[in-house]
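Participant: I have a structure I would like to understand better, so I am pasting it below and will then ask my questions one at a time.
The values are calculated or read from the model by the stated rules, or taken from the named source; none is laboratory data. All of these numbers come straight from a predicted model, not from anything done at the bench. A quick note on method: Cβ atoms are made from the backbone with ideal geometry, for glycine too, and the neighbour counts reach across all protein chains shown.
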Amino acid sequence: MIMIRTQIRNKILSAFTAVAITVSCLLAAGGFAVSAEVGQPELPVPALSDVHCASYCVYDKTTDMYVISYNMNEKIYPASQTKIMTCMLALDYLDTTAKLTTSETAMATVTADSSVMGIVVGEKVKVSELLYGLMLPSGNDAANVLAEGVIDVIFEKYPETGTETGPDGVNAQYFIDALGDTRENILANRKIEAFALLMNLRAEAIGCDGTHFTNACGLHDENHYTTARDLTQMIAAASENDDFKTLISSPSHVFQATNMHRADAWAYVKSTDYLLFDPWLACKTANGTDSHLAAVVGGKTGTTSAAGKGVTIYTVNENGHELMISICGIPAEYYFYTTMYLASVTAHGHLACWENDPVSRIPGTTGDYRTVNAPASEQPEFDPLHFPGDELADYSAETEDASGETDPAAETDPNSGGEQSQTDTPSPTPDTQEGSPLVLFIKNNKEVSILIGSIMTAIMILNIVLIIRINKMKHPKVRKTTMRKGNRIGL
């Protein structure tokens, strides 16, 4: 019985010792963990060979060259990437301050599963608001209203009876002839079809010879198709308009009140181009090589069950080249990896572009051109910069040394008109602290460090006491027993 009790006690003490040792190790490890800042770790993009898609294309607009590609001329269904063309035409034909009224015909083809801005029949909405509704939440309703607005403008400003033509070189007579219908019936029932004809005219004009559109929003149709190459040409042409760049670079938008939505901020929408929020994902290739990506300006996504998922974006390289990137036909089982696939194509495309012209012309990192959740290596070096090509801020007109005296090297030249005599713009130097993370933690958290040290010391002493106690129990002293003579029984 005594032996069993001793074994149980030994097991309990052993378990307690193990727990104590574990706690002390965790506290020791915690001392190091607390010293590390919480942040976004760097994540490797997949290799190009691991990107599952129907096609991709990286087009260098600056040199008019295709940097890298895969099946770039293969027919694909663009889904809502169609809206790049819709947006381009709307900006060319419409006054962004004008208001358009949502018609029943515009809403007739907006299916139950469509992505929408959220407008209703009879709602009067500014063109600028419709453009945000088109490009951020990818509203099919906004696409149709804009399309009808463009056709209304063409029939009003460039009638069939006149000689003046619009930006695409046609007037209303073109649509009357092409549709074989009357002016009245086209305006009453067939404006979306007429707009599709205009889309195809523009596509042909900018060199998209593998494209044919049937609607303004990208709803699936066997005759509504394009290629990855053509999509890069579309966004390259659209990016000539500064308003287009403003739209695609906007991470979010809050809508103004209308006659139907009477309160401001009736909807808050965000871009579906997730690489806009985290461009740092494309800053390194799969093997960790710097891609020399300077900025992701923005782009447009598109998804249907038939098309898969695709994204087309406008980016800028450190060497100043503008790169248009499109990835198409990502299968449904890989939708969750769309942004990483896009980042991989973007990174490898930018590296190839840099290798063709390795001259640094755009300063900073991707963090300088977007407010993003990013790892330390992609946090801003210069502030403020918004778009590639912005001038650097002058951080200080003069600097001081440790004694508080002005550095004469930073003084302005009296003959320079107030400008610094130095030609280089000073860049900010972040404060640095030397030492290991544990040393820095102790310096910055003295009270906590003392408390943790005391607890760890107490646990270590307790461990020593327990170990000694356990050893004594395992090796007890053997008592010698003697028997008195004459007390033996049975003698």
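Participant: Can you confirm whether Val67 is outside the structural domain of Gly149 (by TED's automatic domain parsing), among the hydrophobic types (A, V, I, L, M, F, W, C) and assigned to a loop (DSSP other than H, G, I, E, B)?
Facilitator: no
Participant: Another question, if that's okay. Does segment 81-91 include one or more residues that are surrounded by fewer than 17 Cβ atoms within 10 Å (Cβ to Cβ) and among the β-branched types (Val, Ile, Thr)?
Facilitator: No, segment 81-91 contains no residue that is surrounded by fewer than 17 Cβ atoms within 10 Å (Cβ to Cβ) and among the β-branched types (Val, Ile, Thr).
Participant: Within segment 160-194, can you find the residues that are closer than 25 Å to Glu123 by Cβ, surrounded by 13 or more Cβ atoms within 10 Å (Cβ to Cβ) and without any contact (Cβ under 8 Å) to a residue 24 or more places away in the chain?
Facilitator: Arg190, Glu193
Participant: While we're on this one: State whether one or more residues within segment 250-267 are of a type in the set (Ser, Thr, Tyr) and either at pLDDT below 95 or assigned by TED's automatic domain parsing to the domain that holds Phe336 (or both).
Facilitator: Yes.
Participant: Across segment 232-266, what is the total count of residues that are of a type outside the set (S, T, N, Q) and out of contact with any strand residue (DSSP E or B) (no Cβ under 7 Å at 6 or more places or on another chain)?
Facilitator: Final tally of qualifying residues: 16.
Participant: A further question follows. Would segment 355-369 turn up any residue that is within 19 Å of Ser69 (Cα to Cα) and either buried (at least 20 other Cβ atoms within 10 Å of the Cβ) or free of Cβ contacts under 8 Å to residues at least 24 places away in the same chain (or both)?
Facilitator: Yes, segment 355-369 contains at least one residue that is within 19 Å of Ser69 (Cα to Cα) and either buried (at least 20 other Cβ atoms within 10 Å of the Cβ) or free of Cβ contacts under 8 Å to residues at least 24 places away in the same chain (or both).
Participant: Among Thr109, Thr86, which is under 20 Å from His212 (Cα atoms), within 24 Å of the chain's Cα centre (by Cα) and in the same structural domain as Asn200 (by TED's automatic domain parsing)?
Facilitator: Exactly one residue qualifies, and that residue is Thr86.
Participant: Working only within segment 439-491, note down all residues that are among the charged types (D, E, K, R) and at pLDDT 70 or above.
Facilitator: If the condition is that a residue be among the charged types (D, E, K, R) and at pLDDT 70 or above, then Lys446, Glu447, Arg469, Lys472 are the ones that fit.
Participant: Kindly establish whether Met107 is touching a Phe, Trp or Tyr at 6+ places or on another chain (Cβ under 8 Å) and at pLDDT 95 or above.
Facilitator: No: the conditions fail for Met107.
Participant: Now, a different point. Considering segment 112-125 alone, what residues qualify as being in contact with a helix residue (DSSP H, G or I) (Cβ under 8 Å, 6 or more places away or on another chain) and at pLDDT below 95?
Facilitator: Correct list: Ser114 only.
Participant: Residues being within 19 Å of the chain's Cα centre (by Cα) and among the hydrophobic types (A, V, I, L, M, F, W, C): count how many of those fall in segment 255-293.
Facilitator: Of the residues in segment 255-293, 10 are within 19 Å of the chain's Cα centre (by Cα) and among the hydrophobic types (A, V, I, L, M, F, W, C).
Participant: Still on this structure, please answer the following. For Asp243, which of the numbered conditions (1) in contact (Cβ under 8 Å) with a residue 60 or more places away in the chain; (2) buried (at least 19 other Cβ atoms within 10 Å of the Cβ); (3) charged (D, E, K, R) fails to hold?
Facilitator: (2)
Participant: Next up: Considering every residue within segment 227-235, establish whether at least one is surrounded by fewer than 21 Cβ atoms within 10 Å (Cβ to Cβ), touching a residue at least 40 places away in the same chain (Cβ under 8 Å) and in a loop (DSSP other than H, G, I, E, B).
Facilitator: Within segment 227-235 (the criterion being surrounded by fewer than 21 Cβ atoms within 10 Å (Cβ to Cβ), touching a residue at least 40 places away in the same chain (Cβ under 8 Å) and in a loop (DSSP other than H, G, I, E, B)), the answer is no, since none of the residues qualifies.
Participant: Could I ask something else about it? If you take the residues in segment 326-362 that are over 17 Å from the mean Cα position of the chain (by Cα) and among the aliphatic types (A, V, I, L, M), which one is nearest to His292 (Cα to Cα)?
Facilitator: Leu351
Participant: Looking at Ser49, Ser14 in this structure, which one is outside the structural domain of Asp141 (by TED's automatic domain parsing), part of a helix (DSSP H, G or I) and modelled with pLDDT of 95 or more?
Facilitator: None of the others qualify; the one that does is Ser49.
Participant: Please go through segment 297-321 and pick out each residue that is in a strand (DSSP E or B) and closer than 11 Å to His350 by Cα.
Facilitator: Scanning segment 297-321 gives Thr315, Val316, Asn317.
Participant: Scan segment 96-111 and report the pairs whose first residue is outside any helix (DSSP H, G or I) and whose second residue is modelled with pLDDT of 95 or more and surrounded by fewer than 16 Cβ atoms within 10 Å (Cβ to Cβ), with Cβ atoms within less than 6 Å and a gap of 6+ or a chain change.
Facilitator: Lys99/Lys124; Thr101/Lys124; Thr102/Val121
Participant: Looking at segment 246-291, which of the residues that are among the aliphatic types (A, V, I, L, M) and not in a loop (DSSP other than H, G, I, E, B) is surrounded by the fewest Cβ atoms within 10 Å (Cβ to Cβ)?
Facilitator: Checking each candidate, the answer is Val254.
Participant: If you don't mind, another one. Pairs only if they're at least six apart or on different chains, beta carbon under 8 angstrom, first in segment 144-159 and assigned by TED's automatic domain parsing to the domain that holds Thr109, second of a type in the set (D, E, K, R) and at pLDDT 95 or above; list them, first residue then second.
Facilitator: As it stands, the answer is Ala147/Lys191; Glu148/Lys191; Ile151/Lys191; Asp152/Lys191; Phe155/Arg183; Lys157/Glu164; Tyr158/Glu164, since those pairs meet every condition given.
Participant: Confirm whether Val38 is modelled with pLDDT of 95 or more and assigned to a loop (DSSP other than H, G, I, E, B).
Facilitator: In short, no.
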